[in-house]
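Notes for the one structure printed next.
The values are calculated or read from the model by the stated rules, or taken from the named source; none is laboratory data. What you are looking at is a predicted structure, and each value in this text was computed from that prediction instead of being measured. Cβ placement follows ideal geometry from the backbone for every residue including glycine, while neighbour counts extend to all protein chains displayed.
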Amino acid sequence: MPQIQIQEPVKTNGVRERHGAAIAELERKYPTRRSLLLPVLWLIQEEDGWISAETMEEAAEICECTTAEVMEVVSFYQMYNRAPVGKYVLGICGTLPCALCAADGLYEYLKEKLGIGWNETTADGLFTIQRRECLGACSEAPVMLVNQETETRLTRAKVDGILEECRQGKRKPYFTGRNNKQ
Ligand code: FES
(Lines give C-alpha, C1' and ligand atoms only; values in the text may rest on other atoms or scores of the structure.)
Protein backbone atom coordinates (compact mmCIF):
# COMPACT_ATOMS: atom_id res chain seq x y z
CA MET A 1 0.00 0.00 0.00
CA PRO A 2 1.55 3.37 -1.01
CA GLN A 3 1.95 5.96 1.71
CA ILE A 4 1.63 9.69 1.74
CA GLN A 5 2.50 12.19 4.42
CA ILE A 6 -0.85 14.02 4.42
CA GLN A 7 -3.73 14.55 2.02
CA GLU A 8 -4.30 18.29 2.27
CA PRO A 9 -1.85 21.09 1.57
CA VAL A 10 -0.85 22.41 4.95
CA LYS A 11 -0.69 26.11 5.71
CA THR A 12 1.27 26.69 8.86
CA ASN A 13 2.06 30.37 9.01
CA GLY A 14 0.46 32.96 11.30
CA VAL A 15 1.93 31.74 14.59
CA ARG A 16 1.54 35.11 16.32
CA GLU A 17 -2.02 35.52 15.11
CA ARG A 18 -3.01 32.03 16.18
CA HIS A 19 -1.18 31.87 19.49
CA GLY A 20 -0.85 35.48 20.56
CA ALA A 21 -2.64 35.06 23.90
CA ALA A 22 -0.75 31.88 24.79
CA ILE A 23 2.59 33.45 23.83
CA ALA A 24 1.82 36.50 25.98
CA GLU A 25 1.11 34.15 28.89
CA LEU A 26 4.44 32.36 28.31
CA GLU A 27 6.24 35.70 28.26
CA ARG A 28 5.01 36.35 31.77
CA LYS A 29 6.36 33.01 32.99
CA TYR A 30 9.75 32.76 31.27
CA PRO A 31 12.75 34.99 31.98
CA THR A 32 13.99 35.58 28.41
CA ARG A 33 12.53 35.39 24.92
CA ARG A 34 14.93 32.59 24.00
CA SER A 35 13.59 30.48 26.84
CA LEU A 36 10.16 30.56 25.18
CA LEU A 37 11.36 28.42 22.32
CA LEU A 38 10.35 24.93 23.52
CA PRO A 39 6.84 25.93 24.64
CA VAL A 40 6.27 28.03 21.51
CA LEU A 41 7.23 25.08 19.33
CA TRP A 42 4.90 22.92 21.36
CA LEU A 43 2.01 25.36 20.81
CA ILE A 44 2.63 25.16 17.08
CA GLN A 45 2.81 21.40 17.04
CA GLU A 46 -0.29 20.94 19.18
CA GLU A 47 -2.27 22.75 16.53
CA ASP A 48 -0.52 21.73 13.30
CA GLY A 49 0.92 18.36 14.27
CA TRP A 50 4.39 19.36 13.04
CA ILE A 51 6.87 22.21 12.78
CA SER A 52 7.21 23.54 9.24
CA ALA A 53 10.01 25.71 7.84
CA GLU A 54 7.65 28.69 7.90
CA THR A 55 6.74 28.23 11.53
CA MET A 56 10.41 27.73 12.46
CA GLU A 57 11.12 31.15 10.97
CA GLU A 58 8.27 32.68 12.94
CA ALA A 59 9.35 30.93 16.13
CA ALA A 60 12.86 32.34 15.62
CA GLU A 61 11.46 35.83 15.30
CA ILE A 62 9.24 35.46 18.37
CA CYS A 63 12.05 34.00 20.48
CA GLU A 64 14.73 36.34 19.16
CA CYS A 65 17.05 33.63 17.92
CA THR A 66 18.11 32.40 14.49
CA THR A 67 16.19 29.94 12.34
CA ALA A 68 19.27 27.69 12.48
CA GLU A 69 19.00 27.59 16.28
CA VAL A 70 15.33 26.66 16.04
CA MET A 71 16.22 23.92 13.56
CA GLU A 72 18.85 22.59 15.98
CA VAL A 73 16.24 22.29 18.72
CA VAL A 74 13.58 20.76 16.48
CA SER A 75 16.01 18.20 15.10
CA PHE A 76 17.45 17.36 18.54
CA TYR A 77 14.21 16.54 20.35
CA GLN A 78 12.43 13.47 19.09
CA MET A 79 9.06 14.85 20.21
CA TYR A 80 9.03 17.50 17.48
CA ASN A 81 7.91 16.47 14.01
CA ARG A 82 9.54 17.96 10.95
CA ALA A 83 6.92 16.54 8.59
CA PRO A 84 3.13 16.22 8.79
CA VAL A 85 1.84 13.26 10.77
CA GLY A 86 -1.41 11.36 11.03
CA LYS A 87 -4.24 11.99 13.45
CA TYR A 88 -2.84 9.20 15.63
CA VAL A 89 0.89 8.87 16.15
CA LEU A 90 1.95 5.41 17.31
CA GLY A 91 5.30 5.75 19.03
CA ILE A 92 6.82 2.30 19.53
CA CYS A 93 9.53 2.06 22.17
CA GLY A 94 12.67 0.61 20.61
CA THR A 95 14.94 0.56 23.67
CA LEU A 96 16.38 -2.71 24.95
CA PRO A 97 13.84 -3.80 27.61
CA CYS A 98 10.99 -3.37 25.13
CA ALA A 99 13.06 -4.95 22.36
CA LEU A 100 13.52 -8.00 24.59
CA CYS A 101 9.75 -8.14 25.04
CA ALA A 102 8.94 -8.31 21.35
CA ALA A 103 8.66 -4.63 20.43
CA ASP A 104 9.98 -5.61 17.00
CA GLY A 105 7.05 -7.96 16.64
CA LEU A 106 4.76 -5.10 17.55
CA TYR A 107 6.27 -2.98 14.81
CA GLU A 108 5.99 -5.81 12.27
CA TYR A 109 2.35 -6.32 13.23
CA LEU A 110 1.50 -2.62 12.82
CA LYS A 111 3.49 -2.45 9.60
CA GLU A 112 1.50 -5.35 8.20
CA LYS A 113 -1.88 -4.08 9.45
CA LEU A 114 -1.44 -0.46 8.37
CA GLY A 115 0.83 -0.94 5.34
CA ILE A 116 3.35 1.66 6.53
CA GLY A 117 6.85 1.69 7.99
CA TRP A 118 8.77 3.99 10.31
CA ASN A 119 7.83 7.67 9.96
CA GLU A 120 5.21 6.93 7.36
CA THR A 121 1.53 7.88 7.40
CA THR A 122 -1.41 5.87 6.12
CA ALA A 123 -3.08 7.16 2.98
CA ASP A 124 -6.21 8.09 4.95
CA GLY A 125 -4.10 10.36 7.18
CA LEU A 126 -5.07 8.45 10.32
CA PHE A 127 -1.89 6.73 11.53
CA THR A 128 1.83 7.43 11.66
CA ILE A 129 4.38 5.02 13.13
CA GLN A 130 7.41 6.45 14.91
CA ARG A 131 10.23 4.91 16.88
CA ARG A 132 10.71 6.13 20.45
CA GLU A 133 13.43 5.85 23.04
CA CYS A 134 12.54 4.47 26.48
CA LEU A 135 9.12 5.68 27.56
CA GLY A 136 9.73 5.06 31.25
CA ALA A 137 7.49 2.04 31.65
CA CYS A 138 10.08 -0.70 31.03
CA SER A 139 8.57 -3.12 33.54
CA GLU A 140 5.40 -3.15 31.46
CA ALA A 141 6.98 -3.76 28.07
CA PRO A 142 6.30 -3.70 25.22
CA VAL A 143 5.21 -0.10 25.36
CA MET A 144 3.82 2.32 22.79
CA LEU A 145 2.67 5.91 22.92
CA VAL A 146 -0.65 6.57 21.22
CA ASN A 147 -0.40 10.32 20.78
CA GLN A 148 0.41 11.34 24.36
CA GLU A 149 -1.04 8.27 26.10
CA THR A 150 1.20 5.39 27.19
CA GLU A 151 -0.06 1.91 26.35
CA THR A 152 1.65 -1.00 28.07
CA ARG A 153 1.87 -4.81 27.97
CA LEU A 154 0.79 -4.72 24.37
CA THR A 155 -0.57 -7.76 22.62
CA ARG A 156 -1.97 -8.07 19.13
CA ALA A 157 -5.50 -8.05 20.55
CA LYS A 158 -4.78 -4.90 22.56
CA VAL A 159 -3.29 -3.19 19.52
CA ASP A 160 -6.34 -4.13 17.45
CA GLY A 161 -8.56 -2.56 20.11
CA ILE A 162 -6.50 0.65 20.14
CA LEU A 163 -6.61 0.97 16.35
CA GLU A 164 -10.36 0.45 16.38
CA GLU A 165 -10.86 3.11 19.06
CA CYS A 166 -8.83 5.52 16.94
CA ARG A 167 -10.82 4.72 13.82
CA GLN A 168 -14.03 5.33 15.74
CA GLY A 169 -12.72 8.69 16.94
CA LYS A 170 -12.81 7.63 20.58
CA ARG A 171 -9.30 8.93 21.22
CA LYS A 172 -8.06 12.48 21.29
CA PRO A 173 -6.31 13.45 18.03
CA TYR A 174 -2.60 14.20 18.01
CA PHE A 175 -3.15 17.72 16.78
CA THR A 176 -6.14 19.90 17.31
CA GLY A 177 -5.98 22.75 14.87
CA ARG A 178 -7.20 23.95 11.56
CA ASN A 179 -5.22 21.36 9.61
CA ASN A 180 -6.91 18.45 11.35
CA LYS A 181 -9.50 17.59 8.76
CA GLN A 182 -10.95 14.52 10.45
S1 FES B 1 12.51 0.33 27.30
FE2 FES B 1 10.50 0.58 26.56
S3 FES B 1 9.57 1.75 28.12
FE4 FES B 1 11.62 1.58 28.79
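So here's what we get for this one:
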| item | result |
| --- | --- |
| Counted residues, region 149-173 - those being touching a Phe, Trp or Tyr at 6+ places or on another chain (Cβ under 8 Å) and within 16 Å of the ligand (Cβ to nearest atom) | 1 |
| Only one of 95, 122 that is more than 22 Å from residue 43 (Cα to Cα), among the β-branched types (Val, Ile, Thr) and over 17 Å from the mean Cα position of the chain (by Cα) | 95 |
| Matching entry among 110, 126, 100 (being at negative phi and loosely packed, with under 14 Cβ neighbours inside 10 Å) | 100 |
| Within region 118-132, considering residues that are hydroxyl-bearing (Ser, Thr, Tyr) and touching a strand residue (DSSP E or B) at 6+ places or on another chain (Cβ under 6 Å), the one farthest from the ligand (Cβ to nearest atom) | 121 |
| Set 55, 128, 66: member being outside the structural domain of residue 23 (by TED's automatic domain parsing), closer than 30 Å to residue 16 by Cα and of a type in the set (S, T, N, Q) | 128 |
| Test for residue 135: is it under 25 Å from residue 38 (Cβ atoms), outside any strand (DSSP E or B), touching a strand residue (DSSP E or B) at 6+ places or on another chain (Cβ under 9 Å) and within 16 Å of the ligand (Cβ to nearest atom) | yes |
| Meets criteria (more than 16 Å from the ligand (Cβ to nearest atom), within 30 Å of residue 159 (Cβ to Cβ), within 14 Å of the chain's Cα centre (by Cα) and surrounded by fewer than 16 Cβ atoms within 10 Å (Cβ to Cβ)) for residue 81 | no |
| Filtered residues of region 99-117 (kept if within 16 Å of the ligand (Cβ to nearest atom) and either outside the structural domain of residue 146 (by TED's automatic domain parsing) or not acidic (Asp, Glu) (or both)) | 99, 100, 101, 102, 103, 105, 106, 107, 110 |
| Hey, residue 116 in contact with a helix residue (DSSP H, G or I) (Cβ under 7 Å, 6 or more places away or on another chain) and touching a residue at least 24 places away in the same chain (Cβ under 8 Å) or not | no |
| Any hit, region 84-98, residues being within 11 Å of the ligand (Cβ to nearest atom), assigned to a helix (DSSP H, G or I), in contact (Cβ under 8 Å) with a residue 24 or more places away in the chain and not polar (S, T, N, Q) | yes |
| Any pair with Cβ under 7 angstrom, 6 or more apart, that starts in region 134-149 at a residue that is under 13 Å from residue 163 (Cα atoms) and ends at one that is within 6 Å of the ligand (Cβ to nearest atom) and assigned to a loop (DSSP other than H, G, I, E, B) | 145/135 |
| Residue in region 51-69 that is within 18 Å of the chain's Cα centre (by Cα), part of a loop (DSSP other than H, G, I, E, B) and of a type outside the set (Phe, Trp, Tyr) present | yes |
